[in-house]
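**Student:** Structure provided below as structure tokens; questions to follow.
No value in this document is a laboratory result; all are computed from the given coordinates. None of the values given here were measured: they were computed from a predicted structure. Cβ: placed from backbone, ideal geometry, glycine included. Neighbour counts: every protein chain shown.
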Amino acid sequence: MNPNLKRITSFITFLLLVCISHVYLSVSFAAPETSTDAVETPAPQQTLVGVLTIAGDKPVMVDSATAITGTTILDGATVETPNGVTATINLNILGSVDFEQDTKAKLTFQAERIKVLLLAGCVTVNAKPGVTGEIETSKGVISKTEFKKGGVLRVCHPDSVATASAAVAGALGPLATLGIVAAPALIIIPTVLPGDNPSNSVPN
């Protein structure tokens with residue numbers, strides 16, 4: 001073999017080995033790339049639920065199913081109490097709702113708001129400061145507590161008031177019946193504890 005050609009071949013081989021070695025070392029010692037554009041995953045919002053407590057020897061109905069003390073109440077639930085049984089739904093940071101006997105109402109709640117659609121009977125909403133408590137009857141009566149102060153709001157359904165008045169009148173006799181019929185303005189449906197200042201609408 002030509003000596004010059006041999007030297008050239010050896011030199012080219014040496015250069016190739018140096019290049020390959022350099023590439024291998026560069027890959028081996030390269031630091032792993034860290035991304036600075038990572039998006040933080042927001043913490044999931046806490047789901048608000050209520051807890052049922054019953055006072056009486058009978059269960060209540062929640063969405064047409066039997067419920068006992070300790071039952072979890074979800075937003076949009078319809079609660080119905082029988083005669084002689086009362087119930088309370090504790091809404092934790094929002095407040096609570098009390099259902100008197102023979103009461104049926106739909107309860108909705110979310111951050112900063114408790115709303116009751118009263119279908120029969122009487123309910124009391126206890127809204128904490130920073131929460132609006134609202135009771136609406138199926139007759140269109142709407143009562144609210146103040147958002148900043150919170151407050152306690154009790155409302156009875158007009159039909160339940162009329163039924164109770166008729167029962168009392170029947171027991172007392174014709175003169176009492178005449179007095180009740182002649183003075184319907186004496187029946188006050190929304191009731192607020194002292195110190196509260198809710199916004200009330202008057203039924204037609």
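**Student:** How high is the FRET efficiency from Q101 to T47, r the C-beta distance, R0 35 Å, rounded to 0.05? Walk me through the numbers before you get to the answer.
**Tutor:** Values: r = 30 Å, r/R0 = 0.86.
E(calc), rounded to 0.05, equals 0.70.
**Student:** Another question about this same structure. Ranking request for peptides 59-69, 146-156: highest mean number of other beta-carbon atoms within 10 Å first, then the rest in descending order. Walk me through the numbers before you get to the answer.
**Tutor:** Working: 59-69: 14.5, 146-156: 19.2.
Listed from highest to lowest mean packing, they are 146-156, 59-69.
**Student:** Which pairs in the list K58/K139; K106/K144; K106/K128; K115/K139; K104/K149; K106/K139 are over 25 Å apart, alpha-carbon to alpha-carbon? Numbers along the way, then the final one.
**Tutor:** Numbers: K58/K139 29 Å; K106/K144 16 Å; K106/K128 20 Å; K115/K139 15 Å; K104/K149 27 Å; K106/K139 14 Å.
Pairs exceeding 25 Å: K58/K139; K104/K149.
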